[in-house]
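Student: Quick one: this structure, given as structure tokens, is what I'll be asking you about.
Since every read-out is calculated from the coordinates, none of them should be taken as a lab result. Here the structure is a predicted model, which is why all the values come from computation and not from measurement. Heads up, the Cβs are rebuilt from the backbone with ideal geometry, glycines too, and the neighbour counts pull from every protein chain shown.
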Amino acid sequence: MGARHCAGKSSLVAGQLSMVRNGWWRYASIDNFPSDLYADDISGEHKKLRRLEPHQAYKTLGVFIAPDGNLTDHFNKLLTLAT
């Protein structure tokens, strides 16, 4: 269950997880796993989710975060605000 549970959670954020030969997990690009993701909204309507690449950040709770952990977009936004 653990691997399927993790893959399902990560696919909602960006790409899917794929297992590398040595047993480690890595994020895969949309090109590697092309598919559409759907979720039900609070009214029960089935909606297509926008997918991002693992390196792409998205603003949530005031912070730009990316699934792979990079903070490039967040730093760039802070630099823009500071100038």
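Student: Determine the sum of side-chain charges near ILE65: Lys and Arg each +1, Asp and Glu each -1, restricted to other residues whose C-beta is under 13 angstrom from that of ILE65.
Tutor: Overall, the nearby charge balance is 0.
Student: List TYR27, TYR58, TYR38 from most exposed to least, where exposure is judged by having the fewest other Cβ atoms within 10 Å.
Tutor: TYR38, TYR58, TYR27
Student: State, as an integer percentage, the relative contact order of region 30-83 based on alpha-carbon contacts under 8 Å between residues 6 or more apart.
Tutor: The value is 20 percent.
Student: May I pose another question? Could you tally the net charge around ASN32, taking each other residue with its Cβ under 13 Å from the Cβ of ASN32, Lys/Arg +1 and Asp/Glu -1?
Tutor: That sum, taken over residues with Cβ under 13 Å, equals 0.
Student: Here is a follow-up. If we count other beta carbons within 10 Å of each Cβ, what is the order of SER43, SER35, fewest first?
Tutor: Ranked by crowding around the Cβ, least crowded first: SER43, SER35.
Student: Next question, about the same structure. Sorting ASP68, ASP40 on the 10 Å Cβ count, fewest up front, what's the list?
Tutor: ASP40, ASP68
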